[in-house]
Amino acid sequence: MEYEDVLRQYLGEFGRYQKLAALLIVLVGPSVGATMFAQAFLAATPAHHCRLYQNDSSAMYGHPSERLNLSVPMENVDGTWRYSSCLMYNGPGGTSAGSNQTVRCRDGWEYDQSVYRSTVVTDYDLVCERHWFKELGQSIFMVGVSAGGLISGMTSDRFGRRPTVVACIVLQMGSGLAAAFTTDYVIFLVLRLLAGGAANGLFYVGLTLAIEVIGSSKRNVVGMTISLSWAVGGVFLGGLAYFLRDWWSLQLALAVMSAPLLSYWWLLPESPRWLLSNNRTEQAKISLQKAAKFNRVTIPDEVYEKVTKPKDKEPGEKSKYNLIDLFRGPGLRMITVTMSSVWFATVAVYYALIIGSADLAGDPYSNFVLGALLEIGLSLVGLVAMEKWGRRPVVGGFLFLSGAACLAVAATPTERQDVIRYISLLGRCAIGVAFTTLTVYSPEVFPTVVRTMGVGVANMSSRVGGILSPFVSLLADVWPPLPMLTFGILCTLGGAGVFSLPETFGIPLPDTLEDGEKLGRRQQTKIGTTEKRTKPNSNRDLDYIGPVVVSGHIIWDNCSFYHT
């Protein structure tokens, strides 16, 4: 007897036990999302110009306009004339007197404090020739996210979902608190690297746990709700950043958000499916008994014996799995490579548009919150669409839409910043929905024995996209439309890749490597045959037999089957 059978016949697919587990993971989302997007405000770049005198500490624009006119040249940026950010006149006292020759800032910079009182950029002067240090910071954060996805995936498959989640909570909070009080940029980057790894592991291992606990009919709703909680973190971040204009106070608040999650050591259950797949029969029995008691149902003793009975291993079957198992069979290898490629394209564009939304024309806080709210609204549309049309059309369709928006931005003249703002928000929302729905889709294509490892590999590949994304933005120095053109092409290729993956809507989660190999073949069109179907050997064999409706009841058809 399988765990799915226990859910359907006794526990219920979404009883009180499963609802509690899902709710606990949903509550993880806001802190993780806020941590992931924090760079948009922690490292925001305000308007700035050269400091006019070495000992001058007055606020930006505190000088008379005549003094600025004499000391700082004007430059045209996206059709708007403004004071140069990186140049000053080389005349006596830094003025244009006797010379119109310009030089780089000699005595540092002054920053506009009307929007941000302080950011990492202003504290460490990450502007002009040093602005690539800011992009490096985001890339290093993504290195941590990438490593965290892989490491947490391996530890989760080896030691369990629950201990991995708790360890990630502790690391996320600890590194966040330390980052708020550091005075060294290199240490700040190291701490952000650790926070990125912890946040990524926390979210995806938690998502995997929730998906494994519930029945297949509720996976879509629960997965989308958890993914939406990530976007809710963006709304929280925008609100916190509006009231906390110093980067260190914002970082401190984000770390404190994780403190209530420490209670998960006592509250969060382990995945019974993982326990059973790893032959931890005694723990699995205890977990199922707690679930039955919480759901107020009774499970017969013989059911416990059947479901927890150690499975007879097939010849060559292993008890422990590693990364190589994801690439052994052709079916699972195709899934792993394709899913990793789709994640690479999605994340590269996602973080570029998310972080860049704070730099669009208009108020950065309203831009960010508006984008997050639109993403949540469209994701609800994506949820309904996934229930009707499945995973692939929704994920692939929104990737195509985001790609079209990026290409449209690339084709729009730079002086039309109002048009660029709205098209960019559309692309940001579309890639957000693709990201959210892909988050639900990914755990469903990997078997239980290597599920979080598979998701970890896909995430590791995706974070390579996140690492490169900030540097793609630097291509604007070569040709302004080039970054958006690159992102548009990536989205289009990612959307095409989605349609080569197996559809998982309404299909039981694969548990073994063999199930993963067969997953792609279960999508084939049902064809008629005159061959008599013999009695299936197991419930899993029924996945290959065509269901038909007879007198209002669904039964397994004896005269047709899914072509494999």
If you scan the stretch 38-83, which residues turn out to be at pLDDT below 85 and among the polar types (S, T, N, Q)?
Q54, N55, S57, S58, S65, N69, S71, N76, T80
Among the numbered criteria (1) of a type in the set (S, T, Y); (2) more than 30 Å from K320 (Cβ to Cβ); (3) modelled with pLDDT of 85 or more, which one does T504 miss?
(2)
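Results for (1) within 25 Å of V170 (Cβ to Cβ); (2) modelled with pLDDT of 85 or more; (3) buried (at least 18 other Cβ atoms within 10 Å of the Cβ), shown as yes or no for each residue.
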residue	(1), (2), (3)
V213	yes, yes, yes
R219	no, no, yes
G233	yes, yes, yes
F236	yes, yes, yes
Q283	yes, yes, no
N295	no, yes, yes
Exactly one of T452, T414 is in a helix (DSSP H, G or I) and either buried (at least 24 other Cβ atoms within 10 Å of the Cβ) or out of contact with any strand residue (DSSP E or B) (no Cβ under 8 Å at 6 or more places or on another chain) (or both), and that residue is T452
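For G432, are the conditions met, namely being farther than 18 Å from L501 by Cβ, in contact (Cβ under 8 Å) with a residue 60 or more places away in the chain, surrounded by 18 or more Cβ atoms within 10 Å (Cβ to Cβ) and not β-branched (V, I, T)? Break it down into steps so the answer makes sense when it comes.
Details: farther than 18 Å from L501 by Cβ: yes; in contact (Cβ under 8 Å) with a residue 60 or more places away in the chain: yes; surrounded by 18 or more Cβ atoms within 10 Å (Cβ to Cβ): yes; not β-branched (V, I, T): yes.
When the stated conditions are applied, G432 passes them.
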It is to be established whether one or more residues within the stretch 323-335 are modelled with pLDDT under 85, in the same structural domain as A231 (by TED's automatic domain parsing) and assigned to a helix (DSSP H, G or I).
yes
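Looking at the stretch 465-514, which of its residues are among the acidic types (D, E) and either outside the structural domain of S217 (by TED's automatic domain parsing) or in contact (Cβ under 8 Å) with a residue 40 or more places away in the chain (or both)? Break it down into steps so the answer makes sense when it comes.
Initial filter on the stretch 465-514 (among the acidic types (D, E)): 477, 503, 511, 514.
Result: E503, D511, E514.
Is the stretch 173-187 home to any residue that is assigned to a helix (DSSP H, G or I) and of a type in the set (V, I, T)? Walk me through how you get there before you give the answer.
Of the stretch 173-187, the ones assigned to a helix (DSSP H, G or I) are 173-181, 185-187.
Subset that is of a type in the set (V, I, T): 186-187.
Yes, some residue in the stretch 173-187 is assigned to a helix (DSSP H, G or I) and of a type in the set (V, I, T).
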Do we have any residue at all in the stretch 480-492 that's surrounded by fewer than 24 Cβ atoms within 10 Å (Cβ to Cβ) and at pLDDT below 85?
yes
Quick one: how many residues across the stretch 223-237 are under 17 Å from A434 (Cα atoms) and over 16 Å from the mean Cα position of the chain (by Cα)?
0
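Among the residues of the stretch 268-312, how many are of a type in the set (D, E) and part of a helix (DSSP H, G or I)?
Matching residues across the stretch 268-312 total 4.
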Find all pairs meeting these conditions: Cβ atoms under 7 angstrom apart; at least six residues apart or on different chains; first residue within the stretch 359-371 and at pLDDT below 85; second residue assigned to a loop (DSSP other than H, G, I, E, B).
N367/L360
Here are some residues: L276, L250, L262. Which one is in the same structural domain as Y185 (by TED's automatic domain parsing), within 25 Å of the chain's Cα centre (by Cα) and under 25 Å from L207 (Cβ atoms)?
L262
Output yes when any residue across the stretch 128-138 is crowded, with 17+ Cβ neighbours inside 10 Å, modelled with pLDDT under 90 and of a type in the set (S, T, N, Q), and no when none is.
yes
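The values are calculated or read from the model by the stated rules, or taken from the named source; none is laboratory data. On a predicted model such as this, the values are computed, not experimentally measured, just so you know. All Cβ positions, even for glycine, are placed from backbone atoms using ideal geometry, and neighbour counts span all protein chains on display.
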